[in-house]
Amino acid sequence: MGIDPGAAGRTSGVSGAQGDGGKAVPPGIDTSTAHPARVYDYWLGGKDNFAADREAAELALQAYPELARAVQSNRAFLARAVRYLTGAGIRQFLDVGTGIPAASNTHQVAQREVPDSRIVYVDNDPIVLLHAQALLKSTRQGSCDYIQADLHDPGKILAGAARTLDFGQPVALMLLAILQFIPERENPYALVSELLAALPSGSYLVVSHPTDDFNPNRHGESIQRYNERVADQATLRGQDGTRRFFDGLDIIEPGVVGVSQWRPDSDLVAAAPSSMWCAVARKP
Ligand SMILES: C[S@@+](CC[C@H](N)C(=O)[O-])C[C@H]1O[C@@H](n2cnc3c(N)ncnc32)[C@H](O)[C@@H]1O
């Protein structure tokens, strides 16, 4: 389902209100403030964003023009990580912080490799729910589900995911470009541990996390501009802060690296900019 925002303009986001270009805004969608999923969609060249999202996205881009390519590097990492995991025998994926569907969503990559893969998507933004149909186009042999839930509530995520995933078998927990929305005071490490505790030995954790380590001045300024406008503030973390999510796990080579440096499949991929650390690790 495309929202097709069209021309610029702000709305209150009230059910039935007129959105960008005079189109109706779906119920529950607040278009007055920039939202992470829609800003990210804009950076990826998507159409499911509104004027406030585009303004925040553009201001961030002006400070750090490579950001759009760096975000694409994160999507490319997602696809390589999923392919790696299917090769390692993983058939189940729990993708929390899914985002608005884009090219190469987790189920498309996984089921292309292994048609009977099972995928559960989770996001807390109602705009992602609106697009859930695109995320549920499973192969006949596999299965896909979508849960509207918040990472702050691991119990709800696990209970919902248990409808589709067998927690007796390994699961890949995917947390890509989401943990920056959990500040230190809300202990993101404990939330990740709670989810991992429900998964058996042989499961995997995949994380990508925004940082300004690769371009301190320009990316820092760009995130400041972003945070002045978005509904959920982003916390950047360094390599050590990202590695901490993997405590107690066996990190796969090449370790915690920039997203374009994680097992690049071409020189072009390796040369692309990174604005996030990432790693893949196995639960012993
Ligand atoms: C930057 S997008 C990343 C999308 C995708 N994972 C990727 O890497 O391409 C972050 C997504 O996380 C979602 N999100 C942010 N905070 C969340 C939370 N506390 N619980 C669930 N989803 C959240 C946002 O709505 C958004 O769709």
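The values are calculated or read from the model by the stated rules, or taken from the named source; none is laboratory data. No experiment lies behind these values; they were computed from the predicted model shown. Neighbour counts run over all protein chains shown; Cβ positions are idealised from the backbone, glycine included.
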Is there any pair linking a residue in region 25-43 that is acidic (Asp, Glu) to one that is more than 9 Å from the ligand (Cβ to nearest atom), with Cβ under 6 Å and at least six apart or on different chains, and which?
-> Asp30/Gly13; Asp41/Asp48; Asp41/Asn49
Among the listed residues Asp53, Asp116, Asp150, which satisfies the condition of being touching a residue at least 24 places away in the same chain (Cβ under 8 Å), within 16 Å of the ligand (Cβ to nearest atom) and not basic (Lys, Arg)?
-> Asp150
Specify which of the listed residues (Glu194, Glu186, Glu221) is over 28 Å from Leu61 (Cα atoms), in contact with a helix residue (DSSP H, G or I) (Cβ under 6 Å, 6 or more places away or on another chain) and of a type in the set (Asp, Glu).
-> Glu194
Restricting the first residue to region 197-221 and requiring it to be surrounded by fewer than 17 Cβ atoms within 10 Å (Cβ to Cβ), which pairs with a second residue that is of a type in the set (Val, Ile, Thr) meet a Cβ separation below 8 Å and a spacing of at least six or different chains?
-> Pro200/Val171
Could you identify the single residue in Gln169, Gln148, Gln141 that is surrounded by fewer than 18 Cβ atoms within 10 Å (Cβ to Cβ), more than 15 Å from Gly97 (Cα to Cα), touching a helix residue (DSSP H, G or I) at 6+ places or on another chain (Cβ under 9 Å) and modelled with pLDDT of 95 or more?
-> Gln141
Quick one: in region 89-101, of everything that is of a type outside the set (D, E, K, R) and closer than 13 Å to Ser117 by Cα, which residue is surrounded by the fewest Cβ atoms within 10 Å (Cβ to Cβ)?
-> Gly89
Single condition Ala177 does not satisfy, out of (1) over 26 Å from Arg83 (Cα atoms); (2) under 17 Å from the mean Cα position of the chain (by Cα) | (1)
Among (1) farther than 29 Å from Gln92 by Cβ; (2) in contact with a Cys (Cβ under 7 Å, 6 or more places away or on another chain) - the single one Glu228 does not satisfy | (2)
Just give me the residues in region 15-57 being more than 18 Å from Asp123 (Cβ to Cβ), at pLDDT 95 or above and acidic (Asp, Glu), in sequence order.
-> Glu55
In region 218-237, the residues that are touching a His at 6+ places or on another chain (Cβ under 9 Å) and within 14 Å of Ser208 (Cβ to Cβ) = Leu236, Arg237
